[in-house]
Structures are given as structure tokens and as C-alpha cells.
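Student: First, the structure itself, so that you have it in front of you.
We did not get these values from a lab; they are worked out from the coordinates using the rules stated. Bear in mind the structure is a predicted one, so any value in this text is a computation, not a measurement. Don't worry about glycine lacking a Cβ; one is built from the backbone with ideal geometry, like all the others, and counts go over all protein chains shown.
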Amino acid sequence: MRSALHRAVRAARAVRWYVREFTDESAYDRYVAHVRKDRPDACVPSRRAFERMRTDRQEEDPRQGFRCC
């Protein structure tokens, strides 16, 4: 029973990791880790500010694709 529960928990964690990476949900976590490691004195933007910066950057770069709406 314990090993079956352990396998189920591992599978759930793997699925969660995969979905976060696939949807790029983990981008903010990677960014925060990068800023804290490379520039400990820098102010880390909120998640909302980070997503706004990321969206603006994507919309300005024509190589990122076209977003109509």
C-alpha cells in the first residue's frame, strides 16, 4: 500500500512539473532564482509585473509570432 501511494505521489509530481514546464508557468520562478543569484541587491518584480514585461517583449518582437486579439 505504501509503495503504491509513493508511486502515485511521484506520478502526480511529475505531471505537475510537466504541465508547469509545458505552459511556461515556471518561467517566473526561474527568473526570480536568476535575479537573486546574479543580482542579490536588485528588486524582484511581482509576478504580475513580470508577466506584463514578458507579454510586452513578445508583442514587440515580430519573431515571437502574431497576436491578433
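Student: So which residues in segment 22-54 are among the charged types (D, E, K, R) and not in a helix (DSSP H, G or I), if there are any at all?
Tutor: D24, E25, R39, D41
Student: To continue, here is another question. Is there any pair with a first residue in segment 9-21 that is in a helix (DSSP H, G or I) and a second that is of a type in the set (S, T, N, Q) whose Cβ atoms are under 7 Å apart and which are 6 or more apart or on different chains, and what are they?
Tutor: R20/S26
Student: Within segment 6-27, can you find the residues that are within 28 Å of T55 (Cα to Cα) and among the aliphatic types (A, V, I, L, M)?
Tutor: Once the filter is applied, which keeps residues that are within 28 Å of T55 (Cα to Cα) and among the aliphatic types (A, V, I, L, M), segment 6-27 yields A14, V15, V19, A27.
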